[in-house]
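Take a look at the structure below.
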Amino acid sequence: MAAPRRILILGGSAEASALARHLAPREEHDVTVSFAGRTRERVPTPGAVRVGGFGGIEGLASYLESEHVDVLLDATHPFAARMPHHAAAACRATGVPRLRVCRPPWAQAEGDRWLEVADLEAAAARLRDLDARRVFLTTGRQELAPFAHVRDAWFLVRAIESPATMPLANASVVLGRGPFEEASELALMTEYGIDVLVTKNSGGRSSEAKLHAARRLQLPVVMIDRPPPPDGPRATTVEEAVSWLAGLESGGQDGPTG
Ligand code: NAP
């Protein structure tokens, strides 16, 4: 029997864990999932796990070579700004096939009041323009600092883990990990008298209920766009990624680019 294909999955998203659950039990695959190591508690993932940065593009390239990685599935979060570009460059340098696995962004629907902005700083500036008073901030515990200058607002910060430091003068933290339901999102926003929601356009089902709640309450949503992805093949679902891999195994293809 041929040696199992060595697959490196760059983790940090629900799709990475789902890919590991799908691929790791198959004996033709030898799967390692890599995490940056930002969260204290990780969702358990099958396959081997490694944690921590590689040391830039060169570090990742030498890891790919020393570990004889056959294929890299970059399933980092849609808002991981650096790692996808490092993966693209390291795979180019080593000739390892790479697929970016990234769920589609959310799209505005009838009744939505989105204010689309490029980044966290622009989101903070937009809050000042809006004269927002009670903000539901769901961008994550490590990305609060840009909002420290929005002095007149009070923030309800939702995060998976408590922030190590709190740069916001007027804020309460509510801990939570998706999936969330529309009814509980509505109740939370109503209880705290929220007048604007700030979110990254992460996409996916797990945390979209807050958008439905904001629509019901007719609240503006400051929607932060994704960082630009590297060029190259892309899949938007686990199924697409699995079929790209199957195409590679049966003789090579560049895969979907949607
Ligand atoms: P980033 O800006 O793209 O990456 C920063 C550095 O962290 C990278 O240069 C790399 O260090 C290391 N790194 C990132 N992902 C890694 C992985 N899967 N395995 C090993 N090292 C990794 O990413 P970030 O925004 O800091 O996010 C860090 C991690 O959290 C990512 O894995 C991402 O999937 C996950 N995450 C991010 C967000 C978000 O909103 N940004 C949300 C949920 C989850 P070296 O250069 O030393 O290799």
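Annotations
- Any hit, the range 47-67, residues being among the acidic types (Asp, Glu) and under 26 Å from GLU143 (Cβ atoms): no
- Odd one out for ALA88 among (1) surrounded by fewer than 23 Cβ atoms within 10 Å (Cβ to Cβ); (2) without any contact (Cβ under 8 Å) to a residue 40 or more places away in the chain: (2)
- Test: ALA93 is small (Gly, Ala, Ser), more than 20 Å from the chain's Cα centre (by Cα) and surrounded by fewer than 20 Cβ atoms within 10 Å (Cβ to Cβ): yes
Okay, residues lined up against (1) of a type outside the set (D, E, K, R); (2) out of contact with any Pro (no Cβ under 7 Å at 6 or more places or on another chain); (3) more than 20 Å from ALA14 (Cα to Cα):
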| position | (1), (2), (3) |
| --- | --- |
| PHE35 | yes, yes, no |
| ARG38 | no, yes, no |
| GLU41 | no, yes, no |
| PRO44 | yes, yes, no |
| GLY47 | yes, yes, no |
| GLY55 | yes, yes, yes |
| GLY59 | yes, yes, yes |
| ASP70 | no, yes, yes |
| ALA75 | yes, yes, no |
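- Scanning the range 33-67 for residues that are more than 19 Å from the chain's Cα centre (by Cα), more than 8 Å from the ligand (Cβ to nearest atom) and not in a loop (DSSP other than H, G, I, E, B) returns ALA48, GLU58, ALA61, SER62, TYR63, LEU64, GLU65, SER66.
- Candidate set from the range 68-85 (those that are touching a Leu at 6+ places or on another chain (Cβ under 7 Å) and not in a helix (DSSP H, G or I)); member that is surrounded by the fewest Cβ atoms within 10 Å (Cβ to Cβ): VAL71
- Answer from HIS68, HIS77 - the residue that is touching a residue at least 60 places away in the same chain (Cβ under 8 Å) and at positive phi: HIS68
- The residue list ALA81, ALA93 contains one member that is more than 11 Å from the ligand (Cβ to nearest atom) and of a type in the set (Gly, Ala, Ser), which is ALA93.
- Note on the range 121-143: among residues that are within 16 Å of the ligand (Cβ to nearest atom), at pLDDT 95 or above and closer than 21 Å to ARG177 by Cβ, the one that is surrounded by the most Cβ atoms within 10 Å (Cβ to Cβ) is LEU137.
- Listed conditions (1) in contact with an Asp or Glu (Cβ under 9 Å, 6 or more places away or on another chain); (2) within 16 Å of the ligand (Cβ to nearest atom) are all met by ASP70, apart from (2).
- Subset of the range 96-105 that is closer than 19 Å to GLY204 by Cα and assigned to a loop (DSSP other than H, G, I, E, B) - its residue that is nearest to the ligand (Cβ to nearest atom): CYS102
- ILE9 passes every criterion in (1) of a type in the set (A, V, I, L, M); (2) assigned to a loop (DSSP other than H, G, I, E, B); (3) more than 7 Å from the ligand (Cβ to nearest atom); (4) surrounded by 19 or more Cβ atoms within 10 Å (Cβ to Cβ) apart from (2).
The values are calculated or read from the model by the stated rules, or taken from the named source; none is laboratory data. The structure presented is a predicted model; accordingly, all values stated were derived computationally and were not measured. We place every Cβ from the backbone using ideal geometry, glycine too, and count neighbours over all the protein chains shown.
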